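Colleague: Attaching a single structure in structure tokens format; questions to follow.
All of the numbers you see were taken from the coordinates with simple rules; none came from a lab. From a predicted model like this one, the values you see are computed outputs, not experimental measurements. Please note: Cβ atoms are built from the backbone with ideal geometry, for glycine as well, and neighbour counts cover all protein chains shown.
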Amino acid sequence: MEKRNDNDKLANFYLEVMDLGNDAASLECKLTLDSEQIKRWEQGEAILALVPPSIDAIKWFEHFYSVAQACQRWQAGPRPVSNAFLQALQDMDKTTWEEFINSLFKVDGQKTRWAKKLNISLELLDFLAQVTFRPLLKTYGEEVAKQLPLGDWAHGHCPVCGDQPTMAKLAGSEGYRKLFCGRCETEWRYKRIGCPYCKDENASEASFIALDDHKQYRVYLCDRCKSYLKTVDERVSGEVDLFCEDLATVELDKLAQSEGYQRGDKRQQV
């Protein structure tokens, strides 16, 4: 019964954040990339760093606060959202709101400093930021995909926003690997062997955890950088929503972390 209640909470949270995303400030993406920007992208720079959209920080702070309330209401996310955290957000002035939101919007935006200031875990702050900006960055990513051959991207970080992959899936009859960015929902193909976080390609440094009772899941482990990557095998499960799968597989995070590994998308946060 408890498991069913947890699933119900996740479903309700997912529906609420979808509604919040529909109500969030819209983003009109009219990207015009010049040859220099395309060249830099081909060399491995994410488009968001080259052509960032302007955002209304006050509106997006309000959206962030609503997401945090939803997390508390449905007990979603890697850590509980406390009343003290919500109060700390309310106590900020508008200048601090703008600084906070503009910082969270950047991949390398000093999240550690804000987590310490607000007395919450870095993991929770990053989760809230991901959920907050997902509707905006998904729209942005769709526009990028119209102009750039994302299928040519061969790097371990996201071609759109530059973040580290949140999860992966094995797709197609041959089980090729696609990485998934939880920040903008971009998916891109990546080599089957190798760690996307430290770029190690030594198969002897890699292993994975498989579950007998949930054969669609694997947790890939890198012994070089001690990171892990949750992966869903769509040949077993059918097509999945990796945002939902990430929320629903917290027990896999706990399992990998108990063995001394950490989420790969949290390794390079500052």
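Colleague: Amide H of LEU33: which non-local residues (sequence gap of 5 or more, or other chain) have their own amide H closer than 5 Å, using H built in the peptide plane?
Modeller: Distant-sequence amide H within range of LEU33: zero hits.
Colleague: Ok, one more. With unit charges on the beta carbons (Lys and Arg positive, Asp and Glu negative) and the dipole taken about the Cα centre of the chain, which residue among ASN119, GLY162, SER207 sits farthest to the positive side?
Modeller: SER207
Colleague: A further question follows. Towards the positive end of the charge dipole of the range 1-146, with charges on Cβ (+1 Lys, Arg; -1 Asp, Glu), say which of ALA84, ALA57, VAL131 has the farthest Cα.
Modeller: Positive-end residue among those listed: ALA84.
Colleague: Which of ARG218, ARG183, ARG192 moves most in a GNM of the chain, Cα contacts under 10 Å?
Modeller: Top of the fluctuation ranking is ARG192.
Colleague: Same structure again: What number, rounded to the nearest 500 deg cm²/dmol, is the helix-based mean residue ellipticity at 222 nm of the chain, given -39500 (n - 2.57) per DSSP H run of at least four residues and division by all its residues?
Modeller: Working: 11 runs with 126 residues, N = 270.
Calculated at 222 nm, the ellipticity per residue is -14500 deg cm²/dmol.
Colleague: Compare SER121, SER173, SER103 in a GNM of the chain, Cα atoms joined below 10 Å, and give the one with the largest fluctuation.
Modeller: Answer for the Gaussian network model of the chain: SER173.
Colleague: Tabulate in residue order the Karplus-calculated ³J(HN,Hα) for the range 115-128, using 6.51 cos²θ - 1.76 cosθ + 1.60 with θ = phi - 60°, rounded to whole Hz; enter x for Gly and Pro.
Modeller: 4, 5, 5, 8, 6, 10, 6, 4, 4, 5, 4, 5, 4, 4
Colleague: Explain nothing, just the number: dipole magnitude of the range 1-146 about its Cα centre with +1 on each Lys and Arg Cβ and -1 on each Asp and Glu Cβ, in debye rounded to the nearest 20.
Modeller: Details: 18 positive and 22 negative charges, 75 e Å.
Taking the Cα centre of the range 1-146 as origin, the dipole is about 360 debye.
Colleague: What are the ³J(HN,Hα) values, in whole Hz, obtained from phi via the Karplus relation 6.51 cos²θ - 1.76 cosθ + 1.60 with θ = phi - 60°, for each residue of the range 61-71 in sequence order, with x given for Gly and Pro?
Modeller: Coupling constants for the range 61-71: 5, 4, 5, 4, 5, 5, 5, 4, 5, 5, 4 Hz.
Colleague: From Cα pairs below 8 angstrom and at least 6 apart in sequence, can you work out the relative contact order of the chain, rounded to a whole percent?
Modeller: Values: 393 pairs, mean separation 46.5, N = 270.
17 percent.
Colleague: Would you please give the residues with an amide H less than 5 Å from that of ASP233, counting only those at least 5 places away or on a separate chain, with H modeled from the backbone geometry?
Modeller: Those lying under 5 Å, H to H, from ASP233 are LEU170, TYR217, ARG218.
Colleague: Normalising by the residue count of the range 150-263, find the relative contact order in percent from Cα pairs under 8 Å and 6+ residues apart.
Modeller: On the way: 203 pairs, mean separation 25.3, N = 114.
Relative contact order comes out at 22 percent.
Colleague: Might you report the magnitude of the Cβ-based charge dipole of the chain about its Cα centre, with Lys and Arg at +1 and Asp and Glu at -1, to the nearest 20 debye?
Modeller: Values: 36 positive and 43 negative charges, 109 e Å.
Here the size comes out at about 520 debye.
Colleague: Next question, about the same structure. For LYS30, list the lysines whose Cα falls under 18 Å from its own Cα; do not include residues on the same chain fewer than 8 positions away.
Modeller: LYS138, LYS146
Colleague: Given (i) 129; (ii) 137; (iii) 203, which label gives volume of the Cα convex hull per residue in Å³ as computed from the coordinates?
Modeller: Among (i) 129; (ii) 137; (iii) 203, the one calculated here is (ii).
Colleague: Using amide H atoms built in the peptide plane, which far-off residues or other-chain residues are under 5 Å from ASP163 H to H?
Modeller: CYS158
Colleague: A further question follows. Anyone know which of GLU187, GLU42, GLU239 comes out most mobile in the 10 Å Cα GNM of the chain?
Modeller: Residue with maximal mean-square fluctuation among GLU187, GLU42, GLU239: GLU239.
Colleague: If you count the DSSP beta bridges with both ends in the chain, what percent of them are antiparallel, to the nearest 5? Display every interim value, and only then the final one.
Modeller: Values: 20 of 25 bridges.
Looking only at bridges with both residues in the chain, the antiparallel portion is about 80 percent.
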